[in-house]
Amino acid sequence: MKWSTLRGRVVTWYVGLLAAALIVFGATLYFGVQSYLRSTLQDGLIDQAKAIGTTFLAFEEQKGPAWMGGEISEAYAPEVSGRFIRITRQDGKVIYQSGDTRDPLINTDTIPPPTFERDSGWFRTERQPGATNLLVYAYPFRSSTGTRYFIETGTSLASLERMLTSLLDIVLIIMPFILLAATLGGQAMMKLPLQPLVTLTERAEHIGTSKLGERLPVIDTGDEMERLSLSLNRMISRLEDALSHNQRFSADVSHELRTPLTIMRGELEHALVDPDMAPSTRDSIGSALEEISRMAKIVESLLAIARLDSGADAIDPHPEDISKLCRWVMEQMHLLAEEKHISMSVHTLPMIVSIDPARMKQVLVNLIDNAIKYTPDGGSISLNSFVVGRLAVIQVTDNGIGIPASALPNVFDRFYRTDKARSRVSGGTGLGLAIVKAICHAHGGSVTLTSSEGAGTLVRIELPLAAGAPASPSPATSARPSPVEVAAD
Amino acid sequence: MRILVVEDEPKVSSFVQRGLVAERYAVDVCGDGREGLEMAQAFPYDLIILDLMLPRLDGSEVLQRIRRTNTCVPVLMLTARDTVEDKVRMFEGGADDYLTKPFAFAELLVRTKALLRRGPVNRSSTMTVGNLELDRLTQQVKRAGKRIEVTAKEYSLLEYLMQNEGRVLSRNMIIEHVWDQSFDGITNIVDVYVRHLRAKVDDPHTVKLIRTVRGSGYMIRGEGE
């Protein structure tokens, strides 16, 4: 039973409480029965002792001990009653003693004589080695002449003990069975009302990872579950609205910005045709044109992200060898790295992944471009790809300036820049990593970034392997990829 | 050569018109789909530049109706929409080429000339700019008779520049022709390759052929042209 599940916890609590209740009940039963049986025995002994006193001992002095002995033996034959009877006079002489009994075994000789210290009757338990324990009642009796006697009546505790033992046995044997039955029953009982919750969780997970257009099944029970599923659905609706509004807004803005950008660019380019223009004016117009180009890039990128996020611009995946793509990108980017004397290496194994090659190229170019931008002269960049389980992993590592820890959670956000001044100079759009993330997600994969400031950055992309592609044959193979050096173009 | 521009945004059609007129084309402009269709059917244009989103009659509808009567006239579409479906629908509708807004006028011109079959299509095996020679058969580059060793990418870049001699090529156009769109807007790869190419082609000579046009891109042009 897993403690981490609601069902596990509820059943554990409930079985624990049941066990405690059973223990209390068992103990109460045991001691209650014990005290009832004991008091019944005691009452019998008291009655017997008193009866012997008034019926026989009162006439002992007149009729003689022989008569009394005969009468008592006749009334309470030890073989029949299974009782022990002894009458002792105050001088210590035993004037009557019943014989030994066989079943239960009472060895009368071993019972110590009473002490004449008390004036009222009292009980004691005699432990007889090899025989049953004896409950003995000693009753002080004063005859009409004033002679003091002690009438002792005793009975075996064997039957009482036997009964209590079997009661205890029953309780101890039955209790685990009750608890086991309660656990199983509880599990089954909890499973039924919790089943919709499990379904709900699975569906919510599915909706979360793919389409917001779907809804959770409404649990038609009229209880808290139904209210939960309804309010979750309302929440998903609101999320969907907000998201689609956001995406539509991005798309609309991008479209609307395109026409004015076209006009600005066209007018300025036309103005540049004038051969008599002063060089400073020409420069100003050139600068404006550069900014228009950048703005156009931002608009394009925003639109691309909005489409990828909404799934409208569905990617067109087919099985491709990632390692080929990696090498191709490295070859293309090699000169850029050489400019900064950055060494580039690629370690990759052939692996087939269902991707949109144009989009994935864009991802790799983006990441390598970032790595080159943020690695100082003489640094190194490596691109590795390998298989872990059912995932294809692509890693881009550099030993560049890194990213401060405080900025790490936001690097994939749109327009987030770790260092505004630096990024402006390099002329990026602030959307590169956002696009990378959108493309990876559209492929059903993920992208993570780890970095330490001053030491370098590692970007890791995980993509599901194409169905039927061989998974990692052994960890040793993926740990030792055959190094492939890329030649300069 | 007579060109019809159907574009509802007057400022866009205005600079397109001015630019094309400067290139010695005869240009008619109209601002809505219905009028555009009537003009396209009334006059034998050599090229129609058609915006996709038009009032009264949508651009794709105009295109379809033009194609019913005239299958020959080349049509260049202008669009602010660039999803794959949009592009496919345009080509299926009979468009010959398209440009996504915002476009550089230089690109519009290159595509216009290509569609009018007198532009960059230079099929002779050698091209020359000044004393720079490029042989497409042997893929050799010579300047002042001296052989220059270039890499494959540098060759493609130089070939594209020389094909469009005297015309400004934006970085975007160069990337699309020499690389592919995954490099678009991300890297300074064009600048790096142009620098390398210059080092080989221009640096040993006093006359510089490859020119940077700030804000627009690069251009190759011989001396005195």
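The values are calculated or read from the model by the stated rules, or taken from the named source; none is laboratory data. Given the structure is predicted, the values throughout are model-derived calculations rather than measurements. For neighbour counting, all protein chains shown are included, and Cβ atoms are generated from backbone atoms with ideal geometry for every residue, glycine included.
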Among strands (runs of 3 or more DSSP E) completely within the stretch A:118-214, the ones holding 1 or more residues that are touching a residue at least 12 places away in the same chain (Cβ under 8 Å) and outside the structural domain of A:Gly16 (by TED's automatic domain parsing) are none
Hey, B:Leu50 hits all of (1) among the hydrophobic types (A, V, I, L, M, F, W, C); (2) over 18 Å from the mean Cα position of the chain (by Cα); (3) away from every other protein chain (no Cβ under 14 Å); (4) crowded, with 22+ Cβ neighbours inside 10 Å but one; which does it fall short on?
(2)
When you go through (1) modelled with pLDDT of 85 or more; (2) more than 20 Å from the chain's Cα centre (by Cα); (3) among the polar types (S, T, N, Q) one by one for B:Ser156, which number turns out not to apply?
(2)
State the number of residues belonging to the stretch A:280-317 that are at the interface with chain B (Cβ under 10 Å from one of its Cβ atoms) and either assigned to a helix (DSSP H, G or I) or on the phi > 0 side of the Ramachandran plot (or both).
23
When the stretch A:318-339 is checked residue by residue, the ones that are among the charged types (D, E, K, R) and within 10 Å of another protein chain (Cβ to nearest Cβ) are A:Glu331, A:Glu338, A:Glu339
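Quick grid of which residues meet (1) within 21 Å of the chain's Cα centre (by Cα); (2) within 14 Å of chain A (Cβ to nearest Cβ):
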position: B:Val29; (1), (2): yes, yes
position: B:Ala42; (1), (2): no, no
position: B:Leu57; (1), (2): no, no
position: B:Val75; (1), (2): yes, no
position: B:Tyr98; (1), (2): yes, yes
position: B:Thr126; (1), (2): no, no
From B:Ile189, B:Ile220, B:Ile174, B:Ile210, grab the single residue that is facing chain A (nearest Cβ under 10 Å) and hydrophobic (A, V, I, L, M, F, W, C).
B:Ile189
Of all residues in the stretch A:353-399, which are part of a loop (DSSP other than H, G, I, E, B) and over 16 Å from A:Ile322 (Cβ atoms)?
A:Tyr374, A:Thr375, A:Pro376, A:Asp377, A:Gly378, A:Gly379, A:Asn399
If only one of B:Ser170, B:Ser156, B:Ser182 is of a type in the set (S, T, N, Q) and in contact with a strand residue (DSSP E or B) (Cβ under 6 Å, 6 or more places away or on another chain), which one is it?
B:Ser170
Total residues in the stretch B:129-171, condition among the hydrophobic types (A, V, I, L, M, F, W, C), touching an Asp or Glu at 6+ places or on another chain (Cβ under 8 Å) and more than 14 Å from chain A (Cβ to nearest Cβ):
3
